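The values are calculated or read from the model by the stated rules, or taken from the named source; none is laboratory data. Quick caveat, the model's predicted, so the values are computed rather than measured. All Cβ positions, glycine included, derive from the backbone under ideal geometry; neighbour counts span all protein chains shown.
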Ligand SMILES: *Cc1c(COP(=O)(O)O)cnc(C)c1O
């Protein structure tokens, strides 16, 4: 699969999806990122690389993940038949392992000894530390000092997995400073490290590369729905933080123009407050983290502080392919509040005995709206990007309070 302009949905050689994407970098990062782009370009054409990744996805992650017909939920909602792509059943309980394994294999292929990244809530850090442990690489995770305190269980997991967790004490001691800190270390030692980005964001080649690693989700779902129903679905629904689980599901269906593609963003406490992360809905065109995309800015023109009940989707930018798909009318983006996500979390848990991640609950909340508006012979596939065990204490407290 090559990223040439043979498809209007894919990036050109410089990583531009229409006007979005590219590699908007300070001079000291141009060379290291070009090296990654070249290495990935070779790796993706190398059958041995692809076979090694597919083998790990099968025998380590447990793929293919189920495409589950949620009959109780379907009955409860009335209307379209709802299928769930069960990424929550993957080893480590979410979709992120699909791309961290790809990144770890690429690092090894490039002769690097370490992978490095920042993490906010810790989910990317844990997924990367897991892949590094398996593949035999060192792993260094930079994390705002505030997040280190808030996300103690994930810090413990990363350390048990052998990762070095670096608390970042400067500035706001949060994700933004962790990004800067990790990039500084990387820029000083690009021969030792691969910088492993956690979503379909950042400079070229990451939006295309992480999508390719995640695209197994949609390839499986496409084959599974054809097997189960003998036809393609009417709509796909997935939550969007940076947008990797969504692009993973969407990619295999983009050429099937009749399939509606819907991304769901966090409206947090409401689009009329400043406590949300609805970048596609309310963002403007700008640069963030090495890419030209849509971004939420504050009054000073800096990336805005964002909020969501789903800690993995509170990001002020979005993958450039999403911005492009919306602009050309191939995908729609809607938003869901914390309260709606919480209600969907409870609904799935009670109706199906499946506890979804609060991030994934955003996709489910839109399914709750959409399914009753469609006829009973319509089909929706929602991406259940992760399991909700990590969220149960928080949810229980919210429901009590
Ligand atoms: C990290 C995470 C997300 C958000 O990331 P995307 O790149 O937007 O997919 C969604 N769901 C879960 C379970 C996550 O861990």
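If the condition is being surrounded by 20 or more Cβ atoms within 10 Å (Cβ to Cβ) and assigned to a helix (DSSP H, G or I), then segment 369-400 contributes 370, 371, 390, 391. State whether one or more residues within segment 238-250 are farther than 16 Å from residue 360 by Cα and either outside the structural domain of residue 39 (by TED's automatic domain parsing) or over 17 Å from the mean Cα position of the chain (by Cα) (or both). There is no residue in segment 238-250 that is farther than 16 Å from residue 360 by Cα and either outside the structural domain of residue 39 (by TED's automatic domain parsing) or over 17 Å from the mean Cα position of the chain (by Cα) (or both).
Residues of segment 209-245 being more than 8 Å from the ligand (Cβ to nearest atom) and part of a loop (DSSP other than H, G, I, E, B), which ones? 215, 230, 231, 232, 233, 234 - these are the residues of segment 209-245 that are more than 8 Å from the ligand (Cβ to nearest atom) and part of a loop (DSSP other than H, G, I, E, B).
For (1) within 13 Å of the ligand (Cβ to nearest atom); (2) touching a helix residue (DSSP H, G or I) at 6+ places or on another chain (Cβ under 6 Å); (3) under 20 Å from residue 200 (Cα atoms), each residue gets a yes or a no:
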residue: 73; (1), (2), (3): no, yes, no
residue: 78; (1), (2), (3): no, yes, no
residue: 98; (1), (2), (3): yes, yes, yes
residue: 102; (1), (2), (3): no, yes, yes
residue: 110; (1), (2), (3): no, yes, no
residue: 116; (1), (2), (3): no, yes, yes
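Evaluation of residue 140 against the conditions (1) closer than 30 Å to residue 380 by Cα; (2) in contact (Cβ under 8 Å) with a residue 12 or more places away in the chain shows that the sole unmet condition is (1).
Listed by position, the helices (runs of 4 or more DSSP H) contained in segment 139-208 that have at least 3 residues being surrounded by 20 or more Cβ atoms within 10 Å (Cβ to Cβ) are 152-160, 175-188.
Take the residues of segment 301-345 that are assigned to a strand (DSSP E or B) and away from the ligand (no atom under 14 Å from the Cβ): which is surrounded by the most Cβ atoms within 10 Å (Cβ to Cβ)? Applying the filter and picking the extreme gives 337. When we screen 271, 249 for residues that are under 20 Å from residue 358 (Cβ atoms), touching a strand residue (DSSP E or B) at 6+ places or on another chain (Cβ under 7 Å) and away from the ligand (no atom under 16 Å from the Cβ), the only hit is 271.
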